[in-house]
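Visitor: There's a structure below that I have some questions on.
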Amino acid sequence: MAMQFLRASRQRLSSPLVSLNEPTSFEAEQYRRLRQRIEFAGRTKGCRVIAVTSPVASDGKTLTAINLAGSLAQARDSRILLIDADLRRPSIAQQLQLADAGTRGGLAAALQSPDMPLDKYVQRVEPGTLFVLACPRSEAGTYELLTSPRLVELIAQARQAYDYVILDTPPLVPVPDGTLLARWIDGYLVVVSANATPRKLLGETLNMLDPTSVVGLVFNRDARPLFGYYRTRYRRYFRSYTESVDRVTA
C-alpha cells in the first residue's frame with residue numbers, strides 16, 4: 001500500500017482551498033505532492049477515477065478532494081472533474097460558492113435523468129480546467145441512487161471526457177455509500193486526521209476495501225515541527241505561506 005502524508009499547518013491562510021486560491025503556498029505544495037502520486041498511478045496503473053474517503057466524518061476528506069482536483073487542474077490542457085458523491089452531506093457547491101448549482105441539479109438529477117448527457121449538469125470553475133458535478137442538497141434514497149445503472153453510464157462518460165475524475169465520497173464506517181462505488185472507480189485515497197481518527201476505525205475502513213484499490217493514505221492536519229523547519233530554512237520557496245504566517249502572527 002502506498003503512503004502519502006499530507007500535513008496541514010495550524011497556521012491559517014486566508015482560504016482552506018489553497019490549490020485554487022494560494023497555489024504558491026506551502027500547503028498547496030503538499031497537495032501537489034499528492035497530485036504527483038495520483039499522476040504516477042494514472043500512468044503506471046491506469047488509475048484515473050479516484051474516490052476520496054475517510055473512516056469517519058470531519059477528517060478533512062472534502063477539502064482534500066477539492067484541493068487535489070485543483071492541483072491536478074493546474075496541468076496544461078488538463079480536464080479534471082470533481083464529483084460530490086456524498087449525497088447525504090454534500091458541501092462542495094458551498095465550499096466553491098457555485099451560485100447556479102441548484103438550477104443545474106447536480107449528481108442526483110443526473111442519476112435520475114437517463115436521457116441527458118453528463119455535461120448538462122457539470123459546472124466549470126472559472127478560470128481554469130476544473131469542472132464540478134455538484135450535489136446542491138442532501139438526498140434521500142442514496143442506496144438506490146448509487147446502485148443505479150445510470151451511475152455506470154455517467155462514470156463511463158466522465159472517463160471519456162476528463163483526464164482525472166475525483167469523487168468526494170461519504171466516510172466508510174457509518175454508511176455503505178462509499179463501498180457501493182467500488183466497482184466503478186480505480187482507487188481510493190483514505191484521509192485520516194492526526195490525533196483524531198481512531199486507529200481501530202482506520203483498520204476497519206481498510207478491511208472494507210480491496211488492498212489493491214488503496215492508492216494511498218492522506219495524513220491530514222498534522223502540525224509537527226516540520227513546518228517550523230521549512231519556514232526558517234526554505235521560506236523563499238514558499239512565499240505565499242511565509243507572508244500569510246507573518247500576517248497572522250504579527
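Visitor: Long-range amide H contacts for Glu139: which residues qualify at under 5 Å (H placed 1.01 Å from N, peptide plane, sequence gap of 5 or more or a different chain)?
Guide: For Glu139, whose amide H was placed from the backbone, the distant partners under 5 Å are Arg88.
Visitor: In which sequence would Lys61, Lys45 go, from the one with the fewest C-beta neighbours within 10 Å to the one with the most?
Guide: On the way: Lys61 28, Lys45 12.
Least crowded to most crowded, the residues run Lys45, Lys61.
Visitor: On to the next question. Could you please rank Tyr31, Tyr143, Tyr162, placing first whichever residue has the fewest other Cβ atoms within 10 Å of its Cβ? Show your work: numbers first, answer last.
Guide: Working: Tyr31 26, Tyr143 13, Tyr162 21.
Arranged by neighbour count, lowest to highest, Tyr31, Tyr143, Tyr162 become Tyr143, Tyr162, Tyr31.
Visitor: On to the next question. Apply 1/(1 + (r/R0)^6) to the Cβ-Cβ distance of Ala140 and Ser213, taking R0 = 25 Å, and write down the FRET efficiency to the nearest 0.05. Could the numbers behind the result be given before it?
Guide: Values: r = 28 Å, r/R0 = 1.12.
For Ala140 and Ser213, the calculated efficiency is 0.35.
Visitor: By how many nm would the segment from Ala99 to Ser113 lengthen if fully extended, with 0.36 nm per residue of separation less the alpha-carbon distance? Each step should come with its number before you reach the end.
Guide: Numbers: separation 14, 0.36 × 14 = 5.04 nm, distance 2.19 nm.
Stretched out fully, the Ala99 to Ser113 stretch lengthens by 2.9 nm.
Visitor: Pairs of alpha-carbon atoms within less than 8 angstrom and 6+ residues apart define the contacts here; what relative contact order does the range 41-144 have, in percent? Provide the component values of the computation, followed by the final result.
Guide: On the way: 129 pairs, mean separation 31.2, N = 104.
This gives 30 percent for the range 41-144.
Visitor: Provide Phe26, Phe219, Phe40 in ascending order of the number of other Cβ atoms located within 10 Å of each residue's Cβ, fewest first.
Guide: Details: Phe26 27, Phe219 18, Phe40 13.
The order, fewest Cβ neighbours first, is Phe40, Phe219, Phe26.
Visitor: Work out from phi, with θ = phi - 60° and the Karplus expression 6.51 cos²θ - 1.76 cosθ + 1.60, the ³J(HN,Hα) of each residue of the range 112-123, listed in order in whole Hz, and give x for Gly and Pro.
Guide: 9, 10, x, 9, 9, x, 4, 5, 5, 9, 9, 10
Visitor: With no solvent and one equal point scatterer per Cα, compute the Debye intensity ratio I(q)/I(0) for the range 18-249 at 0.11, 0.12, 0.15 Å⁻¹ and report its log10, rounded to two decimals.
Guide: -0.55, -0.66, -1.02
Visitor: Starting at the first residue of the range 199-215, write each ³J(HN,Hα) from the Karplus equation 6.51 cos²θ - 1.76 cosθ + 1.60 with θ = phi - 60°, in whole Hz, x for Gly and Pro.
Guide: Each residue of the range 199-215 in turn: 4, 4, 6, 4, x, 5, 4, 5, 5, 6, 10, 5, x, 6, 8, 7, 6 Hz.
Rule-based calculations on the coordinates, nothing more; no lab input. Predicted model only: the values in this text are computed from it and were never measured. Cβ sites come from the backbone with ideal geometry, for glycine too, and all protein chains shown count toward neighbours.
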